[in-house]
Amino acid sequence: MKKVKFVIAPDSFKESLDAFEAAKAMKEGIENIFKDCIFELIPMADGGEGTSEVIISAQKGEFKKVKVTGPLGKEIEAKYGYIKNQEKAVIEIAAACGLELVDMGDRNPLYTTTYGVGEMILDALNMGAKHFIIGLGGSATNDGGLGMLQALGAKAYDKNGESVGLGGKELAKIERIDLSSLDSRLKNITIEVACDVENPLIGANGATYTFGPQKGANTDILEELEKGMINYSKAIKRACNIDVSNIPKAGAAGGLGGALLLLGCELVKGIEMVLKHTCFEERVKDADYIFTGEGSIDSQTKYGKTIAGIAKIAKKYNVPTIVLAGRVGDDIGELYDMGVTSVFGIVDRPKNLDEALKDGYSSVKKTSENIARLLRFM
């Protein structure tokens, strides 16, 4: 008799459980009822925080620690994933220039830099990497990726022929950019970039005005940064004959998306990249059930989020897909058409947010067990 196969593929439950903890809780709940079954645990991410851990775990890679320049110019320790047999590096840019690395009172994108991202790329090149997976998101920067390019060998000069420094404030000073001295190994690599935003580099919906406020920029700073970003995009156009100012996604991570486009990267939706590099479709073909979930399910979930990506594949193979969530919105009807079978809230009694976050593991486990009872005895 064929054993029942469960694929367990949750994203994180923000501020409560990471994806690995959520998967473990689901498994424990289910196996209390199904004593003899097959489990395939595939923790998920959507291209942001946790992406490197998910891909490295799925492909049996390892993490490498490296000293890099942090967002405020001081040396910090960062890490990235490396899969030796595939010559593949997996980098989350937030490890080098993330908002969480800057204390609230010190947040000012005039002074933060992406230089450390370039240093991580250089270290991976020295390891022999030929393929790069880069997750954008969570940056403290608005330097257009100039810092990263400088670390990789690019030069930027002011009107006096002097090299400009680091940070968003330097963009307004640029008269000339020279990319001819970029590390030559960059010509022989492939770069996949997870990017779920469509914002261009400049303008009302660009990097500065959309994301600058959350990075510590007030009105005056925003105006200074935007002038700098306009000047920077013009310098790039003069140097490369490429107008990155209005390209969709170029404004991601404070303009880092635009700089990566100059390196020939491919910008893709985060969940699509994660599903590809965890070999999700191949592993789910013969599943009987998929359990997934994340902190909140609402009308935005259908737009390229983890649940939507999983549901699309599940529908292809007619695998029932069960979603658990800490919060379930009223407007999720379209998810059922996309392939979701059912959605369950995990909050089991009235409790405040702090209690709910603290009880995340037991709530996911208990809900999974109750669903399993239904499946086992229906």
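Every read-out reported here was derived from the displayed coordinates using simple, explicitly stated rules and does not represent laboratory data. Source: prediction; values computed, not measured. In this analysis, Cβ positions are derived from the backbone assuming ideal geometry, glycine residues included, and neighbour counts consider all displayed protein chains.
Values computed for the structure shown
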{"read-out": "Per-residue Cβ neighbour rank within 10 angstrom, fewest leading, Thr141, Thr208", "value": "Thr208, Thr141"}
{"read-out": "All aspartates and glutamates inside 17 Å of Lys169 as judged from Cα atoms, apart from same-chain residues fewer than 8 positions distant", "value": "Asp106, Asp143, Asp158, Asp220, Glu223, Glu224, Glu226"}
{"read-out": "Residues with amide H under 5 Å from that of Ile133, placed H, sequence gap 5 or more", "value": "Ala89, Val90, Ile91, Glu192"}
{"read-out": "Efficiency of FRET from Cβ geometry, Cys240 and Ala204, R₀ 30 Å, rounded to 0.05", "value": "0.75"}
{"read-out": "Relative contact order [Cα under 8 Å, 6+ residues apart], the chain, whole percent", "value": "20"}
{"read-out": "Within the chain, helix-based [θ] at 222 nm, where runs of 4 or more DSSP H residues each add -39,500 (n - 2.57), nearest 500", "value": "-10500 deg cm²/dmol"}
{"read-out": "Three-way shape label, segment 1-94, alpha-carbon gyration tensor, a/c 1.5", "value": "prolate"}
{"read-out": "Positive-end residue of Met229, Ile310, Met120, charge dipole of the chain with Cβ unit charges", "value": "Ile310"}
{"read-out": "Nearest-0.05 FRET efficiency for Glu62 and Tyr361, computed from C-beta distance (R0 22 Å)", "value": "0.25"}
{"read-out": "Difference of contour (0.36 nm per residue) and Cα-Cα distance, Asp354 to Tyr336", "value": "3.5 nm"}
{"read-out": "Length added when fully stretched, Glu266-Asn188, from 0.36 nm per residue minus Cα-Cα", "value": "26.6 nm"}
{"read-out": "Whole-Å distance, taken between Cα centres, linking segment 233-285 and segment 209-223", "value": "23"}
{"read-out": "Using θ = phi - 60° and Karplus 6.51 cos²θ - 1.76 cosθ + 1.60, couplings along segment 199-208 (whole Hz; Gly, Pro as x)", "value": "5, x, 6, 10, x, 4, 9, x, 4, 5"}
{"read-out": "Built amide H within the under 5 Å cut-off of Arg327, gap 5+", "value": "Ser296, Ile297"}
{"read-out": "Normalised contact order of segment 51-270, rounded percent, pairs of Cα under 8 Å and 6 or more residues apart", "value": "20"}
{"read-out": "Shape call, segment 32-138: gyration tensor on alpha carbons, a/c limit 1.5", "value": "oblate"}
{"read-out": "Cα centroid of segment 26-88 to Cα centroid of segment 315-378, whole Å", "value": "24"}
{"read-out": "Residues Asp298 and Cys37, FRET efficiency given R0 of 35 Å [Cβ-Cβ distance, rounded to 0.05]", "value": "0.65"}
{"read-out": "Full-extension gain in nm, Arg376 to Thr219, via 0.36 nm per residue minus C-alpha separation", "value": "50.7 nm"}
{"read-out": "Among Leu179, Asn85, Leu201 - extreme Cα towards positive end, dipole of segment 51-270, charges at beta-carbon", "value": "Asn85"}
{"read-out": "0 to 90° range, to nearest 10: angle between helix 360-377 axis and the chain longest Cα axis", "value": "40"}
{"read-out": "Amide H contacts of Val340 (H built 1.01 Å from N, under 5 Å, at least 5 apart or other chain)", "value": "none"}
{"read-out": "C-alpha long axis of helix 252-262 to longest principal axis of the chain, angle in °", "value": "70"}
{"read-out": "Local electrostatic count at Ile346 - Lys and Arg +1, Asp and Glu -1, tallied over other residues with Cβ under 10 Å", "value": "+1"}
{"read-out": "Lys pairs under 15 Å by Cα in segment 1-65, provided they are eight or more residues apart or on distinct chains", "value": "5"}
